[in-house]
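As structure tokens, the structure follows; a few thoughts come after it.
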Amino acid sequence: ATASLRNLLEPPSDTTPARVEHRQIPATPAAAVSEVIDVQDASAWYQGALGELHAVLAAHKIKPTGPAGAIYANDLFTHHHGEATAFVPCDQAVPATGRVIGVVIPPAELAVAGHTGDHSDIDLAYGALATYVTDHALGIEGPIREYYPIGPHETEDTDQWRTEIGWPIFNTTA
């Protein structure tokens, strides 16, 4: 963690700037698990919630319609304690089962940067994205989103994992 923090404050000279794109995310029906968590428990909590989500969807024969994701309240980053919501998009009604409920993930406009690999140094991608949003004066108050096009449910090979971090920005389109 210390080396990662040092890299965030003084990025290595061979680091290339993150590619950032703007995306409009429509409202998305999904199965979700929400809970107030501590930041140090986020990874284990997410893994458990994701497992539960996929098990409930399989039990009800509901197929995901997109990659899993998570929404993290700002308090989780600023106060190390806040609400987290793990979700899997699906286009069928999800019966409440255990912690899993059906929800509609709200629409958002996001600045999105990618991260490949495990999450041990994902703070570097967060830092690059925060710098981009700040430099372009785009940021608005709102939760951070992560999408997992390739994650632990798809492969155990952490080198193949792909995470997309979405920072809320103001609407730049008409």
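Tabulated values for the structure
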quantity: q = 0.12, 0.13, 0.15 Å⁻¹: log10 I(q)/I(0) that the Debye formula gives for region 16-108, counting C-alpha atoms only; calculated: -0.40, -0.47, -0.61
quantity: Over region 67-136: Kirkwood hydrodynamic radius from C-alpha pairwise inverse distances, Å; calculated: 14.7
quantity: Two-decimal ratio, the chain, of alpha-carbon radius of gyration to 2.2 N^0.38 Å; calculated: 1.04
quantity: Relative contact order, percent, the chain [alpha-carbon distance under 8 Å, six or more residues apart]; calculated: 28
quantity: Two-decimal Rg/Rh across region 107-151, once Rg and the Kirkwood Rh are taken from alpha-carbon atoms; calculated: 0.96
quantity: Amide H contacts of residue 94 (H built 1.01 Å from N, under 5 Å, at least 5 apart or other chain); calculated: 102
quantity: Span from the region 38-117 Cα centroid across to the region 125-166 one, whole angstrom; calculated: 14
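Where a number appears in this text, it was derived from the coordinates with a stated rule and is not lab data. Since we're looking at a predicted model, the values are computed, not measured.
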